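Enquirer: One structure, as structure tokens, below. Some questions next.
The values are calculated or read from the model by the stated rules, or taken from the named source; none is laboratory data. Everything quoted here is computed from the prediction, not taken from an experiment. Cβ placement follows ideal geometry from the backbone for every residue including glycine, while neighbour counts extend to all protein chains displayed.
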Amino acid sequence: MMASPMSYTLAELAERFGLEVVGAGDTRIDGVCTLAPGVPGRIGFLANPRYRAALAQTRAGAVVVGRRDAAGLTGPGLVAKDPYRAFAQVARLFDRNRDFGAGIHASACVDPGATIGEGVHVGPQAVVEAGADIGAGSYIGPACIVGSGAKVGAGSRLEARVYIHAGVQLGLRCQVQPGAVIGSRGFGNVMGPSGWEEVPQLGSVVVGDDVEIGANTTIDRGAIDDTVIANGVRLDNLIMIAHNCRIGEHTAIAACTGIAGSTTVGARCMIGGAVGINGHIQIADDVVVLGRAMVTQSLTEKGVYGSGLPIAPAREWRKTVARVRRLGKLEDRVRRVEQTVGIKTQDEGDDGQEQL
């Protein structure tokens, strides 16, 4: 039996999450902490071998470790196949930031034609338009807007100032951080005699289950078909996903990445921070793209990809850039030498024309 909703014994945690107890199973845990210095009565974790030295000195009441580090425990602990994941599971038990009471705030504006499920919270100055459907147990935070005909799946959470455009479909248990915009107009324009003319964006956005969308991230609705974010996707803050993109299941994308229109990103991909991805290309499943890369063409095979110059001392970096700028002149010189001595350039055909 648990003493309180915020206190668990190691034995209770082990049973709940399939872990192995080392030491006193009746050790009571009332929170989480870092390994160094640690806090008595709370639980930390060790997943990175660089922090093994801290295990002997930690003041934590218990530590989650992998099998290889179990022998290094100087006090009670839990042994897990994946210590970081196990720690995350335990930490969720102590996360009270998502607690809320059901009800509609007096300053909220909920259209009579909207459907509000059981146990829903609608916060101050939130707007829920006609035909919107808010699933049971969802949280609609302060100043959020849920457009007409939009659907928010059961157990979802819109933190604050989230904008869900009319007709957008949000799956079960989604988490949307403050300032996110889902379903805004895609960047569709055509040049006419007097300047740019708008191309109507008549599609929507369909978001799967268990998706997290970071703060101030924007996902444009499709021009004709829908923009699709599949189940389990994780989107960091300040990401731009353009119209008609498709992001595959369990893909994670780091902050400040921009994806141009009609691009498909496969399942289980990992896209680093500040990556630029061209439009109308395909990225295969299980691709890793390193931070600040520029993806200008399709990546048809899984693997790790990168581009751009890594950081270097400014003096060295300037020399490298200067060399890159001189490559065109160097190429011309080499071609003239090859022609002089009668060597056929490797990228020339039989007619002497460069192959593009």
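Enquirer: Inside region 176-211, can you point out the residues that are surrounded by fewer than 19 Cβ atoms within 10 Å (Cβ to Cβ) and among the hydroxyl-bearing types (Ser, Thr, Tyr)?
Expert: 184, 194
Enquirer: If a residue must be assigned to a loop (DSSP other than H, G, I, E, B) and either in contact with a His (Cβ under 8 Å, 6 or more places away or on another chain) or on the phi < 0 side of the Ramachandran plot (or both), how many such residues does region 13-30 contain?
Expert: The number of residues fulfilling the criteria is 6.
Enquirer: Has region 68-87 got at least one residue that is surrounded by fewer than 15 Cβ atoms within 10 Å (Cβ to Cβ), among the basic types (Lys, Arg) and closer than 18 Å to residue 6 by Cα?
Expert: Scanning region 68-87 turns up no residue that is surrounded by fewer than 15 Cβ atoms within 10 Å (Cβ to Cβ), among the basic types (Lys, Arg) and closer than 18 Å to residue 6 by Cα.
Residue-by-condition table, conditions (1) at pLDDT 95 or above; (2) in a strand (DSSP E or B); (3) within 22 Å of residue 11 (Cβ to Cβ):
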| position | (1), (2), (3) |
| --- | --- |
| 63 | yes, yes, yes |
| 86 | yes, no, yes |
| 95 | no, no, yes |
| 118 | yes, no, no |
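Enquirer: Looking at 50, 59 in this structure, which one is outside any loop (DSSP other than H, G, I, E, B), free of Cβ contacts under 8 Å to residues at least 60 places away in the same chain and either crowded, with 21+ Cβ neighbours inside 10 Å or assigned by TED's automatic domain parsing to the domain that holds residue 13 (or both)?
Expert: When all the criteria are applied, what remains is 50.
Enquirer: Which of the residues belonging to region 212-246 are surrounded by fewer than 24 Cβ atoms within 10 Å (Cβ to Cβ), within 12 Å of the chain's Cα centre (by Cα) and assigned to a strand (DSSP E or B)?
Expert: 212, 234, 240
Enquirer: If only one of 267, 274 is over 15 Å from residue 245 (Cα atoms), assigned by TED's automatic domain parsing to the domain that holds residue 228 and free of Cβ contacts under 8 Å to residues at least 40 places away in the same chain, which one is it?
Expert: 274
Enquirer: For region 266-317: of the residues being outside any loop (DSSP other than H, G, I, E, B) and small (Gly, Ala, Ser), which is surrounded by the fewest Cβ atoms within 10 Å (Cβ to Cβ)?
Expert: Applying the filter and picking the extreme gives 314.
Enquirer: Within region 135-175, track down each residue that is out of contact with any Gly (no Cβ under 7 Å at 6 or more places or on another chain), within 17 Å of residue 217 (Cα to Cα) and surrounded by fewer than 23 Cβ atoms within 10 Å (Cβ to Cβ).
Expert: Matches in region 135-175: 143, 145, 157, 163, 169, 175.
Enquirer: Sticking with this structure for a sec: Can you confirm whether region 131-147 contains a residue that is among the charged types (D, E, K, R), touching an Asp or Glu at 6+ places or on another chain (Cβ under 7 Å), in the same structural domain as residue 180 (by TED's automatic domain parsing) and at pLDDT 95 or above?
Expert: no
Enquirer: Quick check on region 147-159. Is at least one of its residues within 25 Å of the chain's Cα centre (by Cα) and at positive phi?
Expert: yes
Enquirer: I'd like the full set of residues that are crowded, with 17+ Cβ neighbours inside 10 Å and touching a Cys at 6+ places or on another chain (Cβ under 8 Å), limited to region 22-47.
Expert: The answer is 42, 43, 44.
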